[in-house]
């Protein structure tokens, strides 16, 4: 069976990955995909298989006959157009935060809670935040085996999480600051002030920013609250205790999360490895290399361009026999966004 597919935000960073994945995964599309974007991008021609498809300005009529509508154009555009697309008969898969905490909209990670996608009274399915998504792929099999009660998570989020502007800012600042290594060594404050920051609050090159996203109150950012609320919803654990800290780091693509997970009963590394070994969409990178010297562990750089989530540094907590520590990484544009959306579309098509 083939489906008529529309992609809202086809020209953006995540939209580009969605287009590539629809093609590389041989998603059965009826005719050509419908590429939608702003008036400014209308008329642009984008490659599709052996030809090109012209981008159209988004409109209500553009969703006529569409079976599945993938949205990756920001929350305000999703709030405006996703209900219209659903009213026209499309199943909407939205990559923004607009509907994630709506009780009538399932929040789905394809490997974690795929059955939730079937219950969509508004005709909309939400894609989780990229950081939450990566962590959940590793946390779910551990919860199923051991009974999760608490999460203390520190994320190290790539500049690419802020889109193309974040990537461009990191690369531009890196080139400029690398020309004066002495300044970086002797007067870091001057180096930080010497570059313009617009995508981020401070210089991101050669730096670590102690917050990610926007502060929603005096202490926590929206990225941190997403980790709290979305984890609870995805795992169906409304009482899950989550203590988040989200940090921005000078990586182009690839988010990393160090998580201390606590469970109802005492846990062991061996039990964790058993639970994680065959988990869908997850690769365990934890051990010693061939020379028997260096510990193997995943890195965000090595995750860039990979569909899988990677987990390593699996170890029992030194202070609490009920807790484990793990290090999880994943491509925030792929599994953290575009790939999961396309995987949800595949779940809908399979119905």
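Descriptive notes on the structure:
- Which numbered condition residue 256 fails, given (1) out of contact with any strand residue (DSSP E or B) (no Cβ under 6 Å at 6 or more places or on another chain); (2) closer than 25 Å to residue 309 by Cβ: (1)
- Criterion (in the same structural domain as residue 153 (by TED's automatic domain parsing), over 24 Å from residue 128 (Cβ atoms) and at pLDDT 95 or above) met by exactly one of 266, 298: 266
- Enumeration of residues in region 200-215 that are crowded, with 17+ Cβ neighbours inside 10 Å and at pLDDT below 95: 211, 212, 213
- Meets criteria (at pLDDT 95 or above, assigned by TED's automatic domain parsing to the domain that holds residue 276, closer than 23 Å to residue 345 by Cα and touching a helix residue (DSSP H, G or I) at 6+ places or on another chain (Cβ under 7 Å)) for residue 138: yes
- Yes/no for residue 155 being touching a strand residue (DSSP E or B) at 6+ places or on another chain (Cβ under 6 Å) and closer than 24 Å to residue 225 by Cβ: yes
- Selection status of residue 27, under 22 Å from residue 305 (Cα atoms), within 23 Å of the chain's Cα centre (by Cα), surrounded by fewer than 21 Cβ atoms within 10 Å (Cβ to Cβ) and touching a residue at least 60 places away in the same chain (Cβ under 8 Å): yes
- Test for residue 117: is it at pLDDT 95 or above, assigned by TED's automatic domain parsing to the domain that holds residue 326 and in contact with a strand residue (DSSP E or B) (Cβ under 6 Å, 6 or more places away or on another chain): no
- Residue within region 162-182 that is within 22 Å of residue 95 (Cα to Cα) and either touching a strand residue (DSSP E or B) at 6+ places or on another chain (Cβ under 6 Å) or part of a strand (DSSP E or B) (or both) present: no
- Residue match in region 216-227 (condition: part of a strand (DSSP E or B) and either surrounded by fewer than 16 Cβ atoms within 10 Å (Cβ to Cβ) or in the same structural domain as residue 302 (by TED's automatic domain parsing) (or both)): yes
The values are calculated or read from the model by the stated rules, or taken from the named source; none is laboratory data. Note that the coordinates shown come from a computational prediction; the quantities given were computed from them, not determined experimentally. Reconstructed Cβ throughout: ideal geometry from the backbone, glycine too, with neighbour counts over all protein chains shown.
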